[in-house]
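Read the figures in this text as sums done on the coordinates, not as results from a lab. Note that the structure is predicted; figures quoted are calculated from it, not measured. Methodologically, a virtual Cβ is constructed for each residue, glycine included, from the backbone with ideal geometry; neighbour enumeration extends over all protein chains shown.
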Amino acid sequence: MSEVYKIHNPDIPYFITNSVLNWYPVFDTPNYFNILKNALKFYQENKNLEIYGYCFMPTHMHLIARCESYNLADITRDFKRYTSRQITDLMVNDDEKRDWLLEMQKEAERLKRTSKTKFWQDGYHPMEIYSDWFLKQKIDYIHNNPVEDGICKKPEDYLYSSARNYAKLKSVLSILDVNGDEI
């Protein structure tokens with residue numbers, strides 16, 4: 001992996017993207033979204049993960065986070081490993097996704113992976129949030145992702161986005177605002 005896309009500084013947040021293999025639109029029901037939400041809640045409660053923004057899209061997820069107590073790269077690796085297992089277990093009984101699951105299994109075999117399936121694409125492209133301007137730009141980007149994708153008209157209308165937190169609406173995850181206050 002390039003040195004540019006590694007987590008070097010645990011004191012600042014990073015913009016992270018995790019994408020589903022082949023961009024399959026797996027996240028289309030609450031059951032799938034809840035796996036992501038619950039895993040992130042676990043890391044918030046047990047590893048002091050600080051989340052400043054998130055958006056779960058059908059094919060990928062964005063996260064702006066930091067963790068001073070634990071290595072964010074390790075958390076990301078473990079998050080992907082855990083959610084991969086949970087999601088693929090759910091896909092086994094989902095007729096609409098069974099063909100995708102077979103492709104994920106073939107990819108794991110092709111790569112000679114120890115796991116039975118390859119759910120997430122490799123990497124997570126961490127980008128250091130080096131300024132307030134860059135943080136705002138990335139928050140705006142992830143909040144507008146569902147609007148640009150035609151899922152909703154306004155960012156705060158999308159349930160699986162921190163745009164709801166910033167709009168003071170009920171949301172699926174607690175986050176910290178740019179000042180470090182919980183919203």
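By the count of other C-beta atoms within 10 Å, a proxy for reagent exposure, H125, H8 are ordered fewest to most as H8, H125. Annotation: lysines with alpha-carbon distance below 24 angstrom to K106 (same-chain offsets under eight excluded): K80, K97, K116, K118. For the charge dipole of the range 3-166, defined by +1 on Lys and Arg C-beta atoms and -1 on Asp and Glu C-beta atoms about the Cα centroid, which residue among F79, M61, T17 has the Cα displaced farthest towards the positive pole? Of F79, M61, T17, it is F79.
Ranked by how many other Cβ atoms sit within 10 Å of their own Cβ, fewest first, the residues T17, T117 fall in the order T17, T117.
Between the alpha-carbon centres of the range 108-153 and the range 14-64 there is a gap of 9 Å.
When the charge dipole of the chain is built from unit charges on Cβ atoms (+1 for Lys and Arg, -1 for Asp and Glu) and taken about the Cα centre, the candidate among P155, M127, P30 whose Cα reaches farthest toward its positive end is P30. Rounded to the nearest 20, the size of the Cβ-charge dipole of the chain about its Cα centre is 420 debye, with Lys and Arg at +1 and Asp and Glu at -1.
Put simply, when 53-59, 68-74 are sorted by average Cβ atoms within 10 angstrom per residue, most first, you get 53-59, 68-74.
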